[in-house]
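Below is one structure; the comments refer to it alone.
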Amino acid sequence: ISDCSAHDVDYIRWVLGDEVVCVYATGTSSDEELKETGVIDNATMVMKFKKGTVVTLTLSRGANYGYDQRCEIFGSKGLASVKNISEDASELSNEFGTHRPKWAHSFPQRFEMAFGQELDAFADTLLLGKEWPVKEKDCVAVQKVCDAALESCVNGNVVYLDTQ
């Protein structure tokens, strides 16, 4: 679960400005080889945050139609969403429906610009002495959530986190 959820958990914590208090997760392995090595590649996580927000993550490594990574945030004042990026911007609409290209193949295509910005921040830290934007406390908090999700998936229970 950790390798599928870490960046999503980090992003959600950042967007909400809040910490996870408990996690429930369930999942499975899509084939016997993954199961034998303890790899869960299809899962659902439900996280409750201190301020009461409930977040559901649906996680999977397999999407033969492209890299599917969407985010929708519903609230009392509306909806914010992050859409998938297509291989190109073409679209055909005709009597058979609307047809679009597959989504970008994988994370290198989806996050090319972000990876460049990370390298710029790294260079600025080394060469210009700027503060590194990634904080240890955030990395530790994300790992604790991912560990709790795995524990929940294995034991079938809600796992509460120490948020002190």
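The values are calculated or read from the model by the stated rules, or taken from the named source; none is laboratory data. Just so you know, these numbers come straight off a predicted model, no measurement behind them. We place every Cβ from the backbone using ideal geometry, glycine too, and count neighbours over all the protein chains shown. In case anyone asks, the SASA skips ligands and DNA or RNA and just uses the protein heavy atoms, side chains included. Shrake-Rupley method; radii C 1.70, N 1.55, O 1.52, S 1.80 Å.
Membrane-span-like helices of the chain, defined as complete DSSP H segments with a Cα extent of 27 Å or more along the helix axis and a mean Kyte hydropathy of at least 0.0, are identified as 136-155. For the chain, modelled as a Gaussian network with Cα springs under 10 Å, which listed residue fluctuates most, Asp41, Asp124, Asp147? Looking only at Asp41, Asp124, Asp147, the largest GNM fluctuation is found for Asp124. Once the Cβ-Cβ distance of Glu33 and Ala6 is raised to the sixth power relative to R0 = 22 Å, the FRET efficiency obtained is 0.45.
As a quick test, which of the pairs Lys51/Lys102; Lys48/Lys130; Lys50/Lys102; Lys35/Lys144; Lys48/Lys135; Lys102/Lys135 have an alpha carbon distance above 30 angstrom in this structure?
Listed pairs above 30 Å: Lys51/Lys102; Lys48/Lys130; Lys50/Lys102; Lys102/Lys135.
Residues of the stretch 132-164 with an amide N closer than 18 Å to a point placed 7 Å from the Cα of Val46 along the Cα-to-Cβ direction: 146, 148-161. Charging the Cβ of each Asp and Glu at -1 and of each Lys and Arg at +1, and nothing else, the dipole of the chain about its Cα centre rounds to 660 debye.
Of the chymotrypsin sites (Phe, Trp or Tyr not before Pro) in the stretch 48-94, the ones in a loop by DSSP (not H, G, I, E or B) with at most 11 other beta carbons within 10 Å are Tyr65. A Förster radius of 22 Å, combined with the Cβ-Cβ distance separating Ser93 from Cys71, puts the computed FRET efficiency at roughly 0.25.
Counting only protein heavy atoms and using a 1.4 Å probe, the accessible area of Asp8 comes to about 40 Å².
Counting helices only, and only those DSSP H runs with n ≥ 4, report the 222 nm mean residue ellipticity of the chain as the sum of -39,500 (n - 2.57) divided by its residues, in deg cm²/dmol to the nearest 500. Please list the in-between numbers first.
Numbers: 5 runs with 61 residues, N = 164.
Result for the chain: -11500 deg cm²/dmol, rounded to the nearest 500.
Think of a 1.4 Å ball rolled over the protein heavy atoms: the chain then has 71 Å² of accessible area per residue. Here Cα Rg over 2.2 N^0.38 Å was calculated from the structure, and among [x] 1.20; [y] 1.33; [z] 1.09 it sits at label [x].
Please identify every one of the GluC sites (Glu not before Pro) in the stretch 118-164 that sits in a loop by DSSP and has no more than 16 other beta carbons within 10 Å of its own beta carbon.
Values: sites: Glu118, Glu131, Glu136, Glu151; in loops: Glu131.
Counting only loop positions with at most 16 other Cβ atoms within 10 Å, the GluC sites (Glu not before Pro) in the stretch 118-164 are Glu131.
Just the number: Rg to Rh for the stretch 89-157, Cα atoms, Kirkwood Rh, two decimals.
On the way: Rg = 20.4 Å, Rh = 16.6 Å.
Rg/Rh for the stretch 89-157 comes to 1.23.
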